[in-house]
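The structure appears right after this line, and notes come after that.
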Amino acid sequence: RGTWLLTFLTVLNAVSAYLEPEVIESSVVNSSKILLGKRSAFSGMATWYDVETWKAGACGQDIDNSMHIVALNEPMYGSLNERSNWCGKKIMIANGLKTAKAVIMDACPQTKQCHHGSLDMSMSLFQEFHHLVLGVFPITWWTIDDDDDDDGTAAIIKRAGRLANTMATHPVPAA
């Protein structure tokens, strides 16, 4: 079930980059950074973890499962022994069906599922998108300003509309 969604998102991203040259894409271990208007967006996988370890997160603050927080992957976070510039940044996360806001408050060591672009979510945040049983799903995320009420949805809908129009008038030839 999740495979078709990942395939669809990959194809949509590739077609978008092909049809709209202003989109810049660079892949790093199954993830990418693309430009959406003025914002850089990152792609990766979402996983969840039990944040209630009775220890402060990597950013130095107490966290719990009711908070919408994420642990940022080690390649982007930097040294796990230091506080990152990413700490406290507000982000918007999208899975193609829904968006949710979160704050970067922790770090996850680089693993097969927590690689560049990926986020490890608190249980409550993960459940905004899917049941915990799913365990992992593809996401795109970007930073937002403290006073930013725009979740970027309008820009994504506009881009999807342009892409649908282009594909309708210029179909991609079958391989």
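The values are calculated or read from the model by the stated rules, or taken from the named source; none is laboratory data. The structure displayed is predicted, hence computed values, not measured ones. With ideal geometry, Cβ positions are generated from the backbone for all residues, glycine too; neighbour counts draw on all protein chains shown. Side chains included, ligands, DNA and RNA excluded: accessible areas come from the protein's heavy atoms. Shrake-Rupley method; radii C 1.70, N 1.55, O 1.52, S 1.80 Å.
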- Taking the stretch 80-106 as the search range and keeping residues that are in contact with a Leu (Cβ under 8 Å, 6 or more places away or on another chain) and farther than 15 Å from A46 by Cβ, which one is least open to solvent (accessible area, probe 1.4 Å)? S84
- Task: Of all residues in the stretch 40-64, count the ones that are hydrophobic (A, V, I, L, M, F, W, C), open to solvent by less than 70 Å² (accessible area, probe 1.4 Å) and assigned to a loop (DSSP other than H, G, I, E, B).
- Result: 5
- Query: Going through the stretch 66-79 one residue at a time, which ones are open to solvent by less than 20 Å² (accessible area, probe 1.4 Å) and under 23 Å from E128 (Cα atoms)?
  - Reply: I69, V70, A71, L72, N73
- Query: Quick check: is even one residue across the stretch 80-90 part of a strand (DSSP E or B) and at pLDDT 95 or above?
  - Reply: yes
